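Chemist: Following this message is one structure expressed as structure tokens.
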Amino acid sequence: MRQLSARETVREILAKVVGELAAEGLVGVVPIDSIAVERAKRPEHGDFASNVALVLAKPAGKPPRTVAEAIVARLPRGGSSPIAEASVAGPGFINVRLHPTFWQGMLSAILAAGDDWGRSPARNAPKILLEYVSVNPTGPMHFAHGRHAAVGDALARLLRFAGYPVTCEFYVNDAGNQVQMLAQSVWTRYMDAARAADPAVPAADFPENGYKGEYVRDFGRALFARDGARWVGVAPPADIEPVRSFAIAQALGMIRATLERFDVTFDLWQSERALHEAGDVAETLAALEAKGYIDRHDDAVWLRTTALWGDDKDRVVVKSDGLPTYLLADIAYHRKKLARGFDELCDIWGSDHHGHIARMQAALKAFGEDPARLRVILIQIVSLLRDGKPVAMGKREGEFVTLDDVVAEVGRDATRYFYLMRRHDTPLEFDLEVAKRQSLDNPVYYVQYGHARCAALVRRAAELEAPRPPMSTELAAELVLPEELAILRRLADFPDYVADAAAAREPQRLTTYVSELAGEFQSYYTRLQKVHDDTILPQERHRTGDWRAGWNWHKTAARLCWVEAIAQVMRNALGLLGVSAPESMPRSATITKEDDS
RNA sequence: GCGCCCGUAGCUCAACUGGAUAGAGCAUCGGCCUUCUAAGCCGAGGGUCGCAGGUUCGACUCCUGCCGGGCGCGCCA
């Protein structure tokens, strides 16, 4: 049976009492989900606060404090109840403090759950199709795409952990003008390579707005190396299917390799061309037409998005040249996703695509679906900085900072963590110098250091042959310092954070959580010595005479279990972010102690 | 012009979607090492939550209007 989180435990008790009062007609009936239970912001308010009395007061026609007092009077205390104290405060808040033994008991639950602490069991959650990155297969991934990859992958991990079935897809835009342009660009570079081998080969004009990056030359050379002069002089180049497929395969290969290095994987790479070839696009157009949402004028075919979903103008779905637009293919793709049985289509787009949302939702509405089934997460821009100053780029055309560049410079962990530090709708400042710094003012380093410190304590304990009795109630009762109980509460709250972050589709909340946890632990670590004049393990100065007999190993064992639980929760949180939790931190040679002079 | 997003400490920002005295980090200043990793910690200063109304027991949060910033408004994707 699943261990309820502390918050859910309180919520259930409150719901039971409210139910009793409702049965007696003193208050109205409310669903359990509408009872807000929050962690108290101030320790003197206890552990949790609920506004349930404020919510119930108005319909009941009673003063909030009266309702609150009625509830508090019935809250069970003592015996097996986890509630130690309950009181009414302010306008009618109910403050609840749980008994220390309840929190101490959570330690066993955390250690027993291990990697699964925070996981929600499989349940009747909506099936989600998460589509993200979906960058055009025309070149390497730009550093800003890294934010999409990091957010999407962390969201997928988070949702799965929280019990949602998730499928991740990358939509390959291999059917439009962009890949046509890439094919043309690659072909001219191929001609250059052919001419280098045989001066008789004519020069080919590089297309206006072609892709100018160095990688296009690589592709051209690679094509010549594979096929020789086979495509020389064949015109028009973009219609040579083997050239186009080669160019796309090369570009997609680069993207896949980058994502693999970034530890991001997809369940399916959906080709746009395949949708056309399978007839899904044509079928979608026919379906829209059958529903009466299609107009034909000015030689083009239009979708009546204004009538469907308040768009400001109707949109073209088939151009006057007879080719379908990107919009139509995307509608076909989303229609297919729904047909495959997904409840929610979650797309991650750049915020510059927000205008597209209304059109896609209009399309969903055309098929009689609730437009809310499409949930779009808009990612704001990333500014790359170095020591606080913008990184210069675009000096030469076709040159830009790639995701690979960033990962190569600052590492995968720092890259992912930095991309996940801000809400997705906030622009992100990514300072390369801060990210790669091996010091504690680098947030990711600070957090990883916290985990390494926990691991070091456990290692050191083994070296000292500290006895490690199994976790028990008596052992947990040794954890009595306010700092220890506060951290225990935070560990116990982890499942609630996970559930809330998943419900909000906001993986970055876990970076906040884990950095606060690390800070609280570091603070404790120093305070234990400075304020409490104590250490977890015996120190050199303790080890004199018959020190083994005199040391309180019971307390040490309890604290070691607690430290292991902290490390465990850090690992779980970092794992959801796709960031590693090192056992030790490399000692940096560049950090030296200042002298006194 | 219309639409979407955003205005919170010097800077960068922040879970509990309307709750109690608005919190961090960085930066600044002042403390703490014969060290379980000082690779750390503690403390101080710093705010009319863009402005003005409204909704209500209660608003940084919701509504309206303004001001400022970003993005979008293709038969591109």
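The values are calculated or read from the model by the stated rules, or taken from the named source; none is laboratory data. Source: prediction; values computed, not measured. Here the Cβ positions follow ideal geometry from the backbone for every residue, glycine too, while neighbour counts run over all protein chains shown. Just the protein is used for accessible areas: all its heavy atoms, side chains included, with ligands, DNA and RNA removed. Shrake-Rupley method; radii C 1.70, N 1.55, O 1.52, S 1.80 Å.
Chemist: With (1) in contact with a helix residue (DSSP H, G or I) (Cβ under 9 Å, 6 or more places away or on another chain); (2) assigned to a helix (DSSP H, G or I); (3) among the charged types (D, E, K, R) as the list, and residue A:62 as the residue in question, which single condition is left unmet?
Modeler: The failed condition is (2).
Chemist: Ok, one more. Answer with yes or no whether residue A:494 is of a type outside the set (Asp, Glu), within 11 Å of RNA strand B (Cβ to nearest atom), open to solvent by less than 20 Å² (accessible area, probe 1.4 Å) and under 19 Å from the mean Cα position of the chain (by Cα).
Modeler: Judged against the criteria, residue A:494 is a match.
Chemist: Just checking, how many residues over region A:1-12 are open to solvent by 30 Å² or more (accessible area, probe 1.4 Å) and of a type outside the set (Lys, Arg)?
Modeler: 5
Chemist: Does residue A:211 meet the test of being within 16 Å of RNA strand B (Cβ to nearest atom) and on the phi < 0 side of the Ramachandran plot?
Modeler: Judged against the criteria, residue A:211 is a match.
Chemist: Another question, if that's okay. Please note which strands (runs of 3 or more DSSP E) are completely contained in region A:307-425 and include at least 1 residues that are within 24 Å of the chain's Cα centre (by Cα) and touching a residue at least 40 places away in the same chain (Cβ under 8 Å).
Modeler: Strands (runs of 3 or more DSSP E) meeting the threshold: A:344-350, A:374-379, A:382-386.
Chemist: Can you go through A:83, A:35 and tell me which one is over 22 Å from residue A:491 (Cβ atoms), more than 10 Å from RNA strand B (Cβ to nearest atom) and in contact with a helix residue (DSSP H, G or I) (Cβ under 9 Å, 6 or more places away or on another chain)?
Modeler: A:35
Chemist: Next question. Please indicate, with yes or no, whether at least one residue in region A:430-452 is in a helix (DSSP H, G or I), within 9 Å of RNA strand B (Cβ to nearest atom), touching a residue at least 40 places away in the same chain (Cβ under 8 Å) and small (Gly, Ala, Ser).
Modeler: There is at least one residue in region A:430-452 that is in a helix (DSSP H, G or I), within 9 Å of RNA strand B (Cβ to nearest atom), touching a residue at least 40 places away in the same chain (Cβ under 8 Å) and small (Gly, Ala, Ser).
Chemist: Here's another thing I want to ask about it. On the basis of being of a type in the set (D, E, K, R), free of Cβ contacts under 8 Å to residues at least 40 places away in the same chain and touching a strand residue (DSSP E or B) at 6+ places or on another chain (Cβ under 9 Å), does residue A:295 make the cut?
Modeler: yes
Chemist: Need pairs with beta-carbon distance below 7 Å; first residue open to solvent by 90 Å² or more (accessible area, probe 1.4 Å) and within region A:106-124, second of a type outside the set (A, V, I, L, M) and in a loop (DSSP other than H, G, I, E, B); sequence gap 6+ or separate chains.
Modeler: If the second residue must be of a type outside the set (A, V, I, L, M) and in a loop (DSSP other than H, G, I, E, B), the pairs left are A:122/A:163; A:123/A:163.
Chemist: Something else about it: Quick one: count up the residues across region A:136-172 that are open to solvent by 20 Å² or more (accessible area, probe 1.4 Å) and within 15 Å of RNA strand B (Cβ to nearest atom).
Modeler: Within region A:136-172, residues that are open to solvent by 20 Å² or more (accessible area, probe 1.4 Å) and within 15 Å of RNA strand B (Cβ to nearest atom) number 6.
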